[in-house]
Amino acid sequence: MLEPQVHRLIQLTDCHIGESREHRLAGVCTYDTFRQVLADVAALSEGPEILMITGDIAALGKRKAYGLFAEQIRFVDIPYAWLPGNHDDFEVMQKSVTSAPYWSLLEFGDWRVISLNTAVNGQVGGTLSTGELEFLANTLRNESAHPVVIFMHHPPMPVGCDWLDQQRISNASELEKIIASATNVKGIFCGHVHQETETDWAGSRVFTSPSTCFQFTANSPGFAMSDDCPGYRWINLHPDGHLETGVHHLDIADHVVDHKTQKY
Ligand SMILES: [Fe+2]
């Protein structure tokens, strides 16, 4: 059992749900793997207080895909928060995912949880707008007495895959200055790269996480899919301001990715 004052979050990311329940991407039925991941999370004995869903919920940003996402997440009785990725359409999401609005700041006991939008319409890579950077700087200043974790879709630093590293946040140096000048950022959690990494960056730690559908091969210079199963990240926020985190991959015997896939 978790101590009562520990706040457990689960990060789900890169669901890539299509416009039908049968939609397959790289040979994987993304609606079905999302369903299996949710079922795994719902069965945890130490259930989370919230699911943080860090973008690329939809494969193509279509309303129907967000309807299928909402239909599935309704079955688990856990609050959730979401932010957009490059495959999403933020405006369509705001109109379609009506069971949870977009939250940029949440509170769990002493902890503060910030969401940032790194997605830019029509662009694969991430960029933080002036508004987002100002919001972050102001919030870190206002909440300087509290430990903070940040969630966003694109990572700010390389993960070791050349093709994905070109898509990292284009103005990450501006973000780096803000994070480095704060003393209370305990962790930054990203999606987009469909793999687990941990990097010391700007005086904090950046974690990337496995997708709820298919994974990319670590340390690959070009596009390459891995056979690793769908997964998610758990995060325990402790009252003394330290956090623990790890990832869990499901064990799905018939998880088969199409290695001929060239893009997604
Ligand atoms: Fe992405």
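Laboratory data are not the source of any read-out in this text; all were calculated from the coordinates shown. Remember, it's a predicted structure, so these values are computed and weren't measured experimentally. Reconstructed Cβ throughout: ideal geometry from the backbone, glycine too, with neighbour counts over all protein chains shown.
So the values come out like this:
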item	result
Longest segment of the chain lacking trypsin sites (Lys or Arg not before Pro) that sit in a DSSP loop with at most 10 other Cβ atoms within 10 Å	75-259
Using a Förster distance of 41 Å, the FRET efficiency for ASP227-ALA100 (Cβ separation, nearest 0.05)	0.80
Rough spin-label spacing in nm, given labels placed 7 Å along Cα→Cβ, for GLN166 and GLU244	4.1
Projected label distance in nm at ALA43 and GLU134, using a 7 Å step from Cα toward the beta-carbon	4.9
Residue-averaged 222 nm ellipticity for the chain, from DSSP H runs of 4+ at -39500 (n - 2.57), nearest 500	-6500 deg cm²/dmol
R0 of 25 Å, Cβ-Cβ distance LYS260-LEU60: FRET efficiency to nearest 0.05	0.75
Compactness of the chain, expressed as Rg and Dmax over alpha-carbon positions, Å	17.1, 50
Distance-filtered residues of the range 33-67 - backbone nitrogen under 19 Å, label point 7 angstrom along ARG74 Cα→Cβ	33-39, 42, 51, 58, 62-67
Dipole of the chain [Lys/Arg +1, Asp/Glu -1 at C-beta], most positive-end residue of SER45, THR118, PHE151	THR118
Taking the chain and dividing mean pair separation by its residue count, relative contact order in percent (alpha carbons under 8 Å, at least six apart)	21
